[in-house]
Amino acid sequence: MEKQFLLANMTWQEVEERIKECDIALIPLGSTEQHGPALPVSTDHYIATQFAHRSAEMVWDKHKVVVTPTIAFGFSPHHMEFKGTITLSELTLSSMIADVCYSLSQHGFRKIIIVNGHGGNGTAIANALHDMQGNIDAKVYSVDWWNLATDKIAEIVTPPVYHACDMETSVAWYLGQRVLEDKRVDEPGKTIVPGFVIPDMLAPPPHVSTSYSMKEITDSGVVGYSTKATKEKGKIIADAVLERLTAFIEEIAKM
Ligand SMILES: [Zn+2]
């Protein structure tokens, strides 16, 4: 039987039947923003889409989840000095996330997973989740794919792990994204305040936050070592992400 998990390819009657069988929906969410000279602007939403589709395929025999069309725009004002970036305002993004979730819950989807591919979407997602709490007849979850595999990532990638870096380039490459191999560059990122780390999820403390434009910390748009990227590393990370994402789907399916 054909694995029809794409909501966009289903008729309304097929969706009606599906909800009786499985009430789980996945929403891939990313961004359209610069990813340095070697990766296209689609990278974040490409990766999120791949993880959502592949996990739906993997759980198909037990759970016939659906995957909505990808939300391909995110919150990326800090990348706007690089061409090709398209950003939503945070309010638009959180409203869009909530509107998609409300629509799904109105039809009977009771478990919704946002599969996020862009760190900058974090605040908009959190705001949407808080706004929906108590108002939506569904439980909405959100996963940042890299947070499913930080242990594997720490073992094999060259830090900093931030943007169009070793980690992201490896994963995108393995998942089939277009990579301009000989355009890959290494740029560790400039420090904004000496002694305090630039964004890097694996760096030891002290960590501080501030708002900044990507132009302040990188000339190429890369923060990390994209020449270290390999498809093999991407497979190790992607396999861990998929194993844990499908385990999570299995777990909430029981609830
Ligand atoms: Zn990215």
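Run down Lys190, Lys152 and say which single residue is among the basic types (Lys, Arg), away from the ligand (no atom under 14 Å from the Cβ) and part of a helix (DSSP H, G or I).
Selected residue: Lys152, the only one of Lys190, Lys152 that is among the basic types (Lys, Arg), away from the ligand (no atom under 14 Å from the Cβ) and part of a helix (DSSP H, G or I).
Give me the residue from the stretch 95-127 that is in contact with a Leu (Cβ under 8 Å, 6 or more places away or on another chain), closer than 24 Å to Asp23 by Cβ and in a helix (DSSP H, G or I) and, out of that set, nearest to the ligand (Cβ to nearest atom).
Filtering the stretch 95-127 for residues that are in contact with a Leu (Cβ under 8 Å, 6 or more places away or on another chain), closer than 24 Å to Asp23 by Cβ and in a helix (DSSP H, G or I), the one nearest to the ligand (Cβ to nearest atom) comes out as Ile125.
Taking the stretch 136-149 on its own, how many of its residues are assigned to a helix (DSSP H, G or I) and touching an Asp or Glu at 6+ places or on another chain (Cβ under 9 Å)?
2
Where residues in the stretch 18-43 are buried (at least 20 other Cβ atoms within 10 Å of the Cβ) and under 17 Å from Glu181 (Cβ atoms), which of them is farthest from the ligand (Cβ to nearest atom)?
By that ranking, first place goes to Ala38.
I'd like the residue in the stretch 121-159 that is small (Gly, Ala, Ser) and under 24 Å from Thr227 (Cα atoms) and, out of all such residues, is surrounded by the most Cβ atoms within 10 Å (Cβ to Cβ).
Ala149
Does Thr85 satisfy being surrounded by 16 or more Cβ atoms within 10 Å (Cβ to Cβ), more than 16 Å from the ligand (Cβ to nearest atom) and farther than 27 Å from Glu251 by Cβ?
Judged against the criteria, Thr85 is not a match.
Which ones in the stretch 62-87 are part of a loop (DSSP other than H, G, I, E, B), out of contact with any Lys or Arg (no Cβ under 9 Å at 6 or more places or on another chain) and not hydrophobic (A, V, I, L, M, F, W, C)?
Passing the criteria: Lys62, His63, Thr68, Pro69, Thr70, Ser76, Lys83, Gly84, Thr85.
Tally the residues that are modelled with pLDDT of 95 or more, out of contact with any His (no Cβ under 6 Å at 6 or more places or on another chain) and either among the aliphatic types (A, V, I, L, M) or closer than 18 Å to Ser220 by Cβ (or both), restricting the search to the stretch 159-174.
10
Restricting attention to the stretch 15-29, does a residue exist that is β-branched (Val, Ile, Thr) and either in a loop (DSSP other than H, G, I, E, B) or under 15 Å from the mean Cα position of the chain (by Cα) (or both)? If you could, list the steps in order and put the result at the bottom.
Within the stretch 15-29, the subset β-branched (Val, Ile, Thr) is 15, 19, 24, 27.
This time we only want the ones that are either in a loop (DSSP other than H, G, I, E, B) or under 15 Å from the mean Cα position of the chain (by Cα) (or both), so: 27.
Yes: the stretch 15-29 contains one or more residues that are β-branched (Val, Ile, Thr) and either in a loop (DSSP other than H, G, I, E, B) or under 15 Å from the mean Cα position of the chain (by Cα) (or both).
The values are calculated or read from the model by the stated rules, or taken from the named source; none is laboratory data. The structure displayed is predicted, hence computed values, not measured ones. Neighbour counts are summed over all protein chains in view; Cβ atoms, including those assigned to glycine, are modelled from backbone coordinates with ideal geometry.
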